[in-house]
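The values are calculated or read from the model by the stated rules, or taken from the named source; none is laboratory data. Every value quoted in this text rests on a predicted model; they were computed, and no experiment measured them. Every residue, glycine among them, receives a Cβ derived from its backbone with ideal geometry; neighbour counts consider all protein chains shown. These area figures cover heavy atoms from the full protein model, side chains too; ligands, DNA and RNA do not enter into them. Shrake-Rupley method; radii C 1.70, N 1.55, O 1.52, S 1.80 Å.
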Amino acid sequence: MTVFTAPDYADHEQVMFCRDPATGCAPFIAVHSTARGPALGGCRMWPYPDEDAALTDVLRLARGMTYKAAMADLPFGGGKSVILGDPRRDKSERLLLAMGGFVDGLGGRYIIARIRHLGRRDGDRAARDPACRGHRRGGRRPIPRRRRPGACSTACARRRGTGSAAPRCRG
């Protein structure tokens with residue numbers, strides 16, 4: 001499957017597959033939209049069965065982040081990154097620094113908000129290079145906590161066509 005023939009490709013502005021043979025770092029980075037500002041989204045490290053599964057995941061997640069940021073009226077677009085690998089086995093400081101370098105190569109178009117399956121210290125390692133514009137050191141997120149549940153509730157209510165966010169929806 002290619003990016004442009006992937007069922008979940010939705011006119012993403014930029015999709016990258018990177019590889020650092022020295023560390024084994026092999027991420028996909030997807031920027032869905034920067035219309036409202038730099039793309040914001042987390043990073044996930046997961047043992048995907050193949051590259052097609054990782055590509056599908058990153059495309060879906062990046063598009064979802066565009067909608068979440070817009071519904072919360074945040075000055076960000078949507079993006080996401082996924083690293084192919086098992087965080088329990090493959091994670092290393094060198095791998096995280098390589099990831100930070102790939103994100104930095106985007107020149108501030110993508111900001112890593114959270115690294116899933118990796119800890120706060122791992123995000124700090126990815127941002128150790130002073131030139132890295134991605135992850136915010138210390139785990140501080142650019143989205144205030146109080147605004148995130150509201151965006152999720154609004155999305156659930158709109159999807160159901162109701163005016164309320166039922167208890168099924170978790171923020």
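Within the range 27-41, the set of residues being open to solvent by 10 Å² or more (accessible area, probe 1.4 Å) and small (Gly, Ala, Ser) comprises Ser33, Ala35, Gly37. Counting only residues that are part of a helix (DSSP H, G or I) and polar (S, T, N, Q), the range 53-112 holds 2 of them. On the stretch given as the range 23-34, residues that are outside any strand (DSSP E or B) and at pLDDT 95 or above total 1. Of note, Gly24 satisfies the criterion of being among the small types (Gly, Ala, Ser), open to solvent by 10 Å² or more (accessible area, probe 1.4 Å) and in contact with an Asp or Glu (Cβ under 8 Å, 6 or more places away or on another chain). Among the residues examined, Glu51 qualifies as at pLDDT below 95, within 22 Å of Asp11 (Cβ to Cβ) and surrounded by fewer than 18 Cβ atoms within 10 Å (Cβ to Cβ).
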